[in-house]
Amino acid sequence: MDGRVADPGDVTAAGAPPRLFSYGRALGAPLALWLMAASQPTPAQLTLIEQKRAAELAASRAAAARQHQAEIDAKRLAQARVTTTASLRTLEQATADAATTMSDLARRRAEAESRLAARSAELGPLLPLIERLSLYPAETLLAVPGSAQSSLTGLLVLKGMARQLEADAEAVRAEQAEVTRLAEAMAMQERHLTAAQAAQFAQAAGLDQQISEAKARSKDAEDAAAAAAQRAADQAGQAETLRAALTQLDTTRRQDEAKARADAALAERQRQDAAAADARRRQLALAQPAGPGLGDAKGQVGAPVAGSVVKAFGEPGDAGTTSGISYAVPPAARVSAPCDGKVVFAGPFRSFGQLMIVDCGGGYHFVLAGLDRLDVAVGHPVQSGEPVGVMPSWDPRSTANRPLLYLELRQKGQPINPAPFLRGRS
């Protein structure tokens with residue numbers, strides 16, 4: 001025999017003889033069980049697998065602990081920068097006040113010099129006659145032929161002219177004195193301005209050092225959530241309007257959150273514990289509010305820069321009514337975050353120049369435009385009052401226009417008046 005037996009239930013449709021099957025098939029189930037048993041990990045292998053998983057979880061927990069500690073340190077150092085910036089703001093305001101006084105003095109001096117020049121031009125043609133009359137009054141009158149009545153009339157006219165000329169001369173002397181006084185005041189104000197700028201720049205140098213150290217720490221602590229925020233900002237930078245940019249930022253954030261949730265679910269199904277934990281952390285970071293919002297913050301938001309408001313919300317502008325507030329600022333003024341939140345955009349945008357958007361939470365976003373330097377990267381949290389950038393420098397002794405910081409507040413994409421939220425109702 002060849003080891004085959006008939007399979008009684010195996011009959012072809014044409015009534016062919018039953019097929020044969022081997023003893024191996026009869027032994028298939030036990031063999032499969034044996035193969036399955038052979039493929040199961042041994043106790044030693046199970047131990048190694050569990051050890052590997054435990055090591056991965058421990059590493060994930062350690063990374064989370066380091067990130068948590070880094071966040072605590074970052075908040076502490078940010079608060080130190082807030083304090084330094086508040087102190088610097090006082091010095092910047094002194095510079096701004098000195099610059100304003102200097103500008104006002106320069107304007108008044110120019111006006112006085114213009115009046116002096118005009119009066120001098122009026123008196124110029126009369127100077128030879130005045131000089132001759134003062135030296136030879138009788139001869140000058142007698143040199144003009146005419147009757148006694150005409151001479152008397154001329155004498156009376158000359159007396160009136162003399163009084164007017166004396167008044168004009170007195171006015172010229174007063175204008176000359178005013179020009180001299182203003183020049184002396186400008187010289188004194190120049191010393192005040194120089195001292196104010198020196199104090200400002202000295203403290204600004206210390207703040208720059210703090211910012212440089214913060215940037216170094218931030219670079220070491222970059223994570224996937226920050227990278228996702230940068231991707232969102234890059235896409236928002238392609239938008240045509242601020243509202244479209246804010247919509248794009250929100251859409252991209254929701255997409256990244258959904259992807260993190262899907263990545264976590266997939267890793268959990270595949271029993272990749274460390275990957276799942278990382279994805280969950282990324283999901284939570286993307287889902288949590290950027291800040292507390294501004295619902296109850298009326299009158300509690302500090303001005304983002306030293307200086308003075310030159311255009312308020314709703315005033316006429318080049319393209320209709322303004323949607324924000326414009327500040328005239330001192331040279332190289334520091335710009336601070338107006339709220340607790342997260343930077344969601346930082347870079348050039350359309351005609352706004354260097355622009356930063358801070359997500360305050362609750363659908364509120366502050367827009368800051370006109371900066372010369374940005375000191376905080378996209379994706380990083382900020383505290384209210386923390387320095388986020390620097391305005392352009394300029395010479396306060398010149399008559400050139402000051403750089404302007406443009407501040408805009410948007411609620412769910414729509415511009416609203418920031419003034420009710422600002423302390424002092426700027």
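The values are calculated or read from the model by the stated rules, or taken from the named source; none is laboratory data. The structure displayed is predicted, hence computed values, not measured ones. Here the Cβ positions follow ideal geometry from the backbone for every residue, glycine too, while neighbour counts run over all protein chains shown.
General remarks:
- Residue match in region 225-234 (condition: surrounded by 17 or more Cβ atoms within 10 Å (Cβ to Cβ), within 30 Å of ARG89 (Cβ to Cβ), aliphatic (A, V, I, L, M) and at pLDDT 80 or above): yes
- Test: residue in region 298-306 that is over 30 Å from THR90 (Cβ atoms), assigned by TED's automatic domain parsing to the domain that holds ASP395 and touching a Lys or Arg at 6+ places or on another chain (Cβ under 7 Å): no
- Which listed residue, of VAL388, VAL344, is in a strand (DSSP E or B), in contact with a helix residue (DSSP H, G or I) (Cβ under 8 Å, 6 or more places away or on another chain) and touching a residue at least 40 places away in the same chain (Cβ under 8 Å): VAL344
- Residue in region 377-390 that is buried (at least 16 other Cβ atoms within 10 Å of the Cβ), in contact with a Lys or Arg (Cβ under 6 Å, 6 or more places away or on another chain) and among the aliphatic types (A, V, I, L, M) present: yes
- Under the condition of being basic (Lys, Arg) and modelled with pLDDT under 65, the residues counted in region 97-140 number 1.
- Residues of region 345-362 that turn out to be out of contact with any His (no Cβ under 6 Å at 6 or more places or on another chain) and charged (D, E, K, R), as a count: 1
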